[in-house]
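Remarks on the structure that follows.
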Amino acid sequence: MKGKLVFLALLAAVAALTVAVAPGSAEKNSSQGTFDASLGALNAGMHTDAKGKKFTIPTAGGTATVNVTGDAVTVTIMVHGVVASVVHPQHIHAGTICPVASDDTNHDGYVDVIEGLPKYGPILVNLDSNLENPGVDAFPVADSSGSYAYNESASKAHLQDELQQALDLGTRHVVIHGIGPTPLLPSTVATLPGLSANNTLPVACGELHRTG
Ligand SMILES: [Cu+2]
């Protein structure tokens, strides 16, 4: 008899908990607001190109902000210190952390796009000129001083339909790629099918954290 009473008390406790975490409020709290990333440089410094010549990759930095208000997702990115006058592919990646220099598993002096994958995960959103198109549109091009500003918006419902998952921005991060076509990187630097290693080399990464 005492066992049955304990069981009923437990049931009541579970019911109370279920009421406290109503699905609507939990979803709203986690998906709305402002998420900020401070972009830290990757692969900056002196390197050796495919011909054995030394060259320097500049030290990139900047900020990325993703704001979600109602159904509107707005991404704002300010980047400086990237290679001037060339295109910089940029994405929200689905993994949990940014790679570091020690992720250069083949010790060629570069953390390439493939070596970064275990940390930053696959591409979630192409941060290009059309956020709602899952394909690749125009990525930003740095100005003559190696800076650019990016600002695009999309419908959250549309994005999540395409992704087949929640944006879950508090666990994602932003990666900036690309050093332009010259100098040619050594063949040890891995890349994605159909893209040059110069185009995909990660140059900055930042983890998104809720700030508002
Ligand atoms: Cu990326």
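The values are calculated or read from the model by the stated rules, or taken from the named source; none is laboratory data. As the structure is a computational prediction, the values presented were derived from the model and not from experiment. Cβ placement follows ideal geometry from the backbone for every residue including glycine, while neighbour counts extend to all protein chains displayed.
Observations, loosely collected:
- Only a single criterion out of (1) touching a His at 6+ places or on another chain (Cβ under 8 Å); (2) at pLDDT below 95 is not satisfied by residue 207, namely (2).
- Answer residue from segment 165-188, given it is more than 15 Å from the ligand (Cβ to nearest atom), aliphatic (A, V, I, L, M) and at pLDDT 95 or above and is surrounded by the fewest Cβ atoms within 10 Å (Cβ to Cβ) among those: 184
- Whichever residue in segment 123-147 is more than 23 Å from residue 34 (Cβ to Cβ) and crowded, with 17+ Cβ neighbours inside 10 Å and, among such residues, is nearest to the chain's Cα centre (by Cα): 139
- Annotation: of all residues in segment 68-111 being within 16 Å of the ligand (Cβ to nearest atom) and of a type in the set (S, T, N, Q), the one that is nearest to residue 178 (Cα to Cα) is 90.
- Residue in segment 31-40 that is assigned to a loop (DSSP other than H, G, I, E, B), modelled with pLDDT of 95 or more and within 26 Å of residue 183 (Cα to Cα) present: no
- The residue pairs whose first member lies in segment 194-208 and is in contact (Cβ under 8 Å) with a residue 12 or more places away in the chain and of a type in the set (Val, Ile, Thr), whose second member is assigned to a strand (DSSP E or B) and surrounded by 21 or more Cβ atoms within 10 Å (Cβ to Cβ), and whose beta carbons are closer than 6 Å, counting only pairs six or more residues apart or on different chains, are 200/177; 203/176.
- Taken residue by residue, segment 148-156 has at least one member that is modelled with pLDDT of 95 or more, more than 16 Å from residue 35 (Cα to Cα) and of a type in the set (Gly, Ala, Ser).
- Residue 114, sole failed condition from (1) in contact (Cβ under 8 Å) with a residue 40 or more places away in the chain; (2) within 15 Å of the ligand (Cβ to nearest atom); (3) under 19 Å from residue 64 (Cβ atoms); (4) of a type in the set (Val, Ile, Thr): (3)
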